[in-house]
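Below: the structure, in structure tokens.
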Amino acid sequence: MRPVGTDAAGALERAYRDEWSSVVATLARRLGDLQAAEDAAAEAFAAAARAWARDGTPPNPGGWLMTTAWRKAIDQLRHNRAVAVDPQALLDAAAGAGTAPGTVGGDDRLGLMFACCHPALALEVRVALTLRYVAGLTTRQIAAAFVLPEATLAQRLVRAKRKISQSGIRFEVPGADALASRLDDVRAVIYLVFNEGYAASEGSQLIRAGLCEEAIWLGRLLHRLLPDDTETAGLLALMLLHHSRAAARQDGGGAVLLADQDRSRWDKALIAEGTAILDAAVARRRPGRYQTEAAIAALHAAADSVDATDWPQIAALYGALARLAPSPVVEVNRAVAVGMADGPHAGLAVLEPVLASGALTGYAPLHAAHADLLQRAGRADEAAAAWARAERSLGNAALQHGLRRRRAGSGGPP
């Protein structure tokens, strides 16, 4: 429900974006029940739609919503005598705690993030929960973003909330012994959301900008809550630097690969912001995985052309990344960089063990990198077969168009 007044409508929209996840997070921590928290928050916003249109927007919209939602939750607990929670005890506890400070930085959203990204939950569930309850997207929006039936997504969320309750997952920051690994789980979910927006796995569009923007919003929130965590800073910088190229990455013919992009269309403000965040993080501590990936993205962003790119430095950074987070995917990217720095034969030498392992048989970038290196090495027949394997491995029409265009004018990196 929306208020009649235009000013009140705008205030409510801003409050939803700025405050909804905070209200849900605080209620979830107090009640230990995500469904009850969501219900009370919904009632509070419905009440705001009526009251703000009638009385005007309160000076502290977040405080108004939190107070109203808490009262709604207590009313419901008093009404439902079957629950095993004493509502008066909850009221007394909240009153004694004042505004009930939350977790690190006094913000309960961090605890909500850890709950939504708990390793006991399946990865696709963690993504859906984080987008719904931390980012505040509706079920319909999330379903549309991932090309799922809305009913399927809704059932997934219902089952996830039930599992959180049954498993006793708490809405709080874990202790020091588990913090590092659990924080990496949170970062991984945010980056997964970004990557699905950056290169959609299905459909005709390469980019789903809404998912990229939601992931960056989540990254900004996590960075704000944990300003001293350099890997979180690295993740935010990486997403900003990648997203700076969005306007140049697709045209009417499909995906536009790096070698062919109009670099004047890259977003200079995002590049500057991402680079500044990265520089501040690297200055404080030895770089980790996300900082290293962001440093690679920053080198691409700083170059005026593919030929002017510092490929030896990028190859060295991929070597460091392979030591920090070894994986076949990293080796594919390292092979591309080595191929650009030292020639296609050197790149093929890096790629051969990955091909021989069979670990990435259906991974299109592997076959595209192989094809490009083979073509540049003068092995045209083998390159043609590799191009065909790459195209068969893609489920995105924009990427298929981009791959065909790249095959026709091969000579640059993937």
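Has the stretch 28-38 got any residue that is within 21 Å of Thr138 (Cβ to Cβ) and among the charged types (D, E, K, R)?
Looking only at the stretch 28-38, we keep the residues that are within 21 Å of Thr138 (Cβ to Cβ), and these are 28, 33-38.
Filter once more, keeping what is among the charged types (D, E, K, R): 33, 38.
So far as the stretch 28-38 goes, yes, one or more of its residues are within 21 Å of Thr138 (Cβ to Cβ) and among the charged types (D, E, K, R).
Looking at the stretch 160-171, can you tell me whether even one residue there is under 17 Å from the mean Cα position of the chain (by Cα), part of a helix (DSSP H, G or I), crowded, with 21+ Cβ neighbours inside 10 Å and not hydroxyl-bearing (Ser, Thr, Tyr)? Walk me through it before giving the result.
Here is the first cut: in the stretch 160-171, the ones under 17 Å from the mean Cα position of the chain (by Cα) are none.
No; the residues of the stretch 160-171 include none that is under 17 Å from the mean Cα position of the chain (by Cα), part of a helix (DSSP H, G or I), crowded, with 21+ Cβ neighbours inside 10 Å and not hydroxyl-bearing (Ser, Thr, Tyr).
Yes/no per residue for (1) in contact (Cβ under 8 Å) with a residue 40 or more places away in the chain; (2) under 22 Å from Glu19 (Cβ atoms); (3) part of a loop (DSSP other than H, G, I, E, B):
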{"site": "Phe194", "(1), (2), (3)": "yes, no, no"}
{"site": "Ala215", "(1), (2), (3)": "no, yes, no"}
{"site": "His223", "(1), (2), (3)": "yes, yes, no"}
{"site": "Met239", "(1), (2), (3)": "yes, no, no"}
In the stretch 285-297, the residues that are open to solvent by 20 Å² or more (accessible area, probe 1.4 Å) and part of a helix (DSSP H, G or I): Arg289, Glu293, Ala295
Condition first: over 23 Å from Val330 (Cα atoms) and touching a His at 6+ places or on another chain (Cβ under 8 Å). Now tell me which residues in the stretch 260-315 satisfy that. Asp267, Leu270, Ile277
Here the qualifying pairs (Cβ atoms under 9 Å; residues six or more apart or on different chains; first in the stretch 303-314 and within 13 Å of Val338 (Cα to Cα); second assigned to a loop (DSSP other than H, G, I, E, B)) come out as Thr309/Ala303; Thr309/Pro413; Asp310/Ala303; Trp311/Pro413
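If I ask for residues that are in contact with a Gly (Cβ under 9 Å, 6 or more places away or on another chain) and open to solvent by less than 20 Å² (accessible area, probe 1.4 Å), which ones from the stretch 269-284 would you list? Spell out how you get there, then give the answer.
The initial filter retains those residues of the stretch 269-284 that are in contact with a Gly (Cβ under 9 Å, 6 or more places away or on another chain), namely 277-278, 281-282.
Leu278, Ala281 - these are the residues of the stretch 269-284 that are in contact with a Gly (Cβ under 9 Å, 6 or more places away or on another chain) and open to solvent by less than 20 Å² (accessible area, probe 1.4 Å).
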Select, from Leu270, Leu278, Leu258, the only residue that is touching a residue at least 60 places away in the same chain (Cβ under 8 Å) and touching a helix residue (DSSP H, G or I) at 6+ places or on another chain (Cβ under 8 Å). Leu258
Please enumerate the residues belonging to the stretch 322-332 that are open to solvent by less than 50 Å² (accessible area, probe 1.4 Å) and not in a helix (DSSP H, G or I). Ala325, Ser327
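Within the stretch 304-321, is even one residue touching an Asp or Glu at 6+ places or on another chain (Cβ under 6 Å) and open to solvent by less than 40 Å² (accessible area, probe 1.4 Å)?
No.
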So Gly136 clears everything in (1) closer than 27 Å to Leu324 by Cα; (2) open to solvent by less than 60 Å² (accessible area, probe 1.4 Å); (3) in a loop (DSSP other than H, G, I, E, B); (4) not aromatic (Phe, Trp, Tyr) except one condition, right? Which one? (1)
Looking at the stretch 102-111, can you tell me whether even one residue there is assigned to a loop (DSSP other than H, G, I, E, B), in contact with a Lys or Arg (Cβ under 7 Å, 6 or more places away or on another chain) and modelled with pLDDT under 90? yes
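Select, from Arg71, Arg17, Arg50, Arg2, the only residue that is more than 29 Å from the chain's Cα centre (by Cα), among the charged types (D, E, K, R) and at pLDDT below 90. Write out each step before concluding.
Details: Arg71 fails: at pLDDT below 90; Arg17 fails: more than 29 Å from the chain's Cα centre (by Cα); Arg50 fails: at pLDDT below 90.
The match here is Arg2.
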Restricting attention to the stretch 257-267, does a residue exist that is in contact with a Phe, Trp or Tyr (Cβ under 7 Å, 6 or more places away or on another chain), assigned to a helix (DSSP H, G or I) and open to solvent by 10 Å² or more (accessible area, probe 1.4 Å)? no
Could you say whether any residue in the stretch 347-365 is in contact with a helix residue (DSSP H, G or I) (Cβ under 7 Å, 6 or more places away or on another chain), under 22 Å from Leu206 (Cβ atoms) and open to solvent by 20 Å² or more (accessible area, probe 1.4 Å)? yes
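The values are calculated or read from the model by the stated rules, or taken from the named source; none is laboratory data. Since this is a predicted model, take the numbers as computed values, not measurements. Note: ideal-geometry Cβ built from the backbone for every residue, glycine included; neighbour counts use all protein chains shown. Areas reflect the complete protein model, heavy atoms only, side chains present, ligands, DNA and RNA absent. Shrake-Rupley method; radii C 1.70, N 1.55, O 1.52, S 1.80 Å.
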